[in-house]
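Every read-out reported here was derived from the displayed coordinates using simple, explicitly stated rules and does not represent laboratory data. None of the values given here were measured: they were computed from a predicted structure. Methodologically, a virtual Cβ is constructed for each residue, glycine included, from the backbone with ideal geometry; neighbour enumeration extends over all protein chains shown.
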Amino acid sequence: MTLNFAILGAGRIGQVHARAVAGTPGAKLVAIADPVAAAAESVKATYGCDIRTIDTILGSKDVDAVVICTPTDTHADLIERFTKAGKAVFCEKPVDLSLQRVKDCIKAVAAAKGTLMVGFNRRFDPDFMAVKAAIDAGKIGKVEMVTITSRDPGAPPHDYITRSGGIFRDMTIHDFDMARWLLGEEVETVWAAASVLTDAKIGELGDYDSVNVILRTKSGRQAIITNSRRAAYGYDQRIEVLGSTGMVAAQNHGENRITFADKAGFHDSPLLNFFMTRYIAAYANEIAGFIAAVQNKTETPTTGHDGLMALALAEAALKSVAEGRSVKVSEIL
């Protein structure tokens, strides 16, 4: 069975998903929607799909599933409209910036008996999947501590900062999801510190560019997350999980795996410099997981609940920074 897709939004992330859909067995990209004609035309020219409006796609009988890549404030409404119309929905994170709106949306999807997957692509990175598989196989014993390093090579444009929801909701939210996944338990308390160290303008816009977070579960398991909007050496993505009998780690990806040595020392290749190149395989695996869930009528790998919990941790982190204390997640939900 081939699943026919439409993508809503032909911007940067829409193009990433267009490539993933077009390259995944069992999927066919039939339509793209975007108010910017040039963006839609670019996707059409590359993959041979139709250009349609969102309203047209809503009623299209040849569309089985949609990938929502539109601005965040449109996500929840589109999820509800398309699940009510009987389409399977994959939506980029977050569902919304309001916890209550996310809760209402999840209820609406359930009432429509719809299918919703929220895009947390890092769970689908081959290296991170191998880390999780090692944990699940008991190779490091019981998980005790998780360390996640995620640093961007540079900050996004200032106009993006104003509509992103801030670093915790936009950037750290991926790491909150990874932490929940790797810890294997829900987080009970959040402590966060945040600064503006790389760009004063980001602070003027009410956001931060350098943050650290400590998460703790009821049993005492901990996750430490460190984020920065500036890493002069490239896109820094590392994970380490300490267990009772061992440790498993995933390291950075370079442009190649070549090491050169001379009298000055050993030199590795530069790191990959953008999420679109670092996570190509993850985006493909993510879409494949969505297709399998729809075809097999099983729960999606990442759910609306996962989206809700990651956002709740972001809100707890913001409250922790504002009030200078550890915040219980129960205060937020």
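What to note about this one:
- Distance in nm between pseudo-label sites at Asp268 and Ala249 (7 Å out along the Cβ direction from Cα): 1.0 nm
- Fraction of the pair-distance distribution of region 149-204 above 16 Å, Cα-Cα pairs, percent: 52 percent
- Sum of side-chain charges, Cys69 neighbourhood, beta-carbon under 14 Å (Lys, Arg +1; Asp, Glu -1): -1
- Reachable lysines from Lys132, criterion Cα separation under 21 angstrom, eight or more residues apart if same chain: Lys142, Lys218
- For Lys201, the aspartates and glutamates whose Cα falls under 16 Å of its own Cα, not counting residues fewer than eight places away in the same chain, are Asp159, Asp209.
- The H on the amide N of Glu188, modeled in the peptide plane, is under 5 Å from the matching H of Arg216, Thr217, Lys218, each at least 5 residues off or on a different chain.
- Computed from Cα positions, the angle between helix 37-47 and the longest principal axis of the chain comes to roughly 90 degrees.
- The lysine pair count for region 3-114, using Cα distances under 15 Å and pairs eight or more places apart or on different chains, is 9.
- Scaled to the globular estimate 2.2 N^0.38 Å, the Cα spread of the chain, given as radius of gyration, is 1.01.
- Between amide H atoms placed 1.01 Å from N, distances below 5 Å from Ala27 occur with Leu3, all of them 5 or more places distant or on a separate chain.
- In the chain, the longest principal axis of the Cα atoms and the axis of helix 72-84 are about 50 degrees apart.
- Whole-Hz Karplus values for region 89-98 come out as 10, 10, 10, 4, 5, x, 5, 6, 8, 9 Hz, taken residue by residue from phi with 6.51 cos²θ - 1.76 cosθ + 1.60 and θ = phi - 60°; glycine and proline positions read x.
- Estimated FRET transfer efficiency when R0 is 25 angstrom, pair Leu197-Ala322 (beta carbons, to 0.05): 0.85
- Net +/- balance of residues flanking Leu58 in space, Cβ distance below 10 Å, scoring K and R +1, D and E -1: +3
- If you take all other residues with their beta carbon under 10 Å from the beta carbon of Gln222, and give Lys and Arg +1 and Asp and Glu -1, the sum is +1.
- Simple Cβ-charge dipole of the chain, Lys/Arg +1 and Asp/Glu -1, about Cα centre, in debye nearest 20: 540 debye
- Considering only beta bridges that DSSP places wholly inside the chain, some 55 percent are antiparallel.
- Using a Förster distance of 25 Å, the FRET efficiency for Ala110-Asn296 (Cβ separation, nearest 0.05): 0.85
- Sorting 175-188, 204-217 by their mean Cβ neighbour count within 10 Å, with the most densely packed peptide first, gives 175-188, 204-217.
- Sequence ranges 140-152, 103-115, ranked by mean other-Cβ count within 10 angstrom, highest first: 140-152, 103-115
- Acute angle (nearest 10 degrees) that the helix 172-183 long axis makes with the longest principal axis of the chain, alpha-carbon atoms: 70 degrees
- The distance linking region 220-249 with region 103-118 is 32 Å (Cα centroid to Cα centroid, whole angstrom).
- Inter-part distance where region 18-53 and region 146-175 are each reduced to a Cα centre, Å: 27 Å
- Treating each Cα of region 3-114 as an identical point scatterer and summing with the Debye formula, the log10 of I(q)/I(0) at q = 0.20 Å⁻¹ comes to -1.01.
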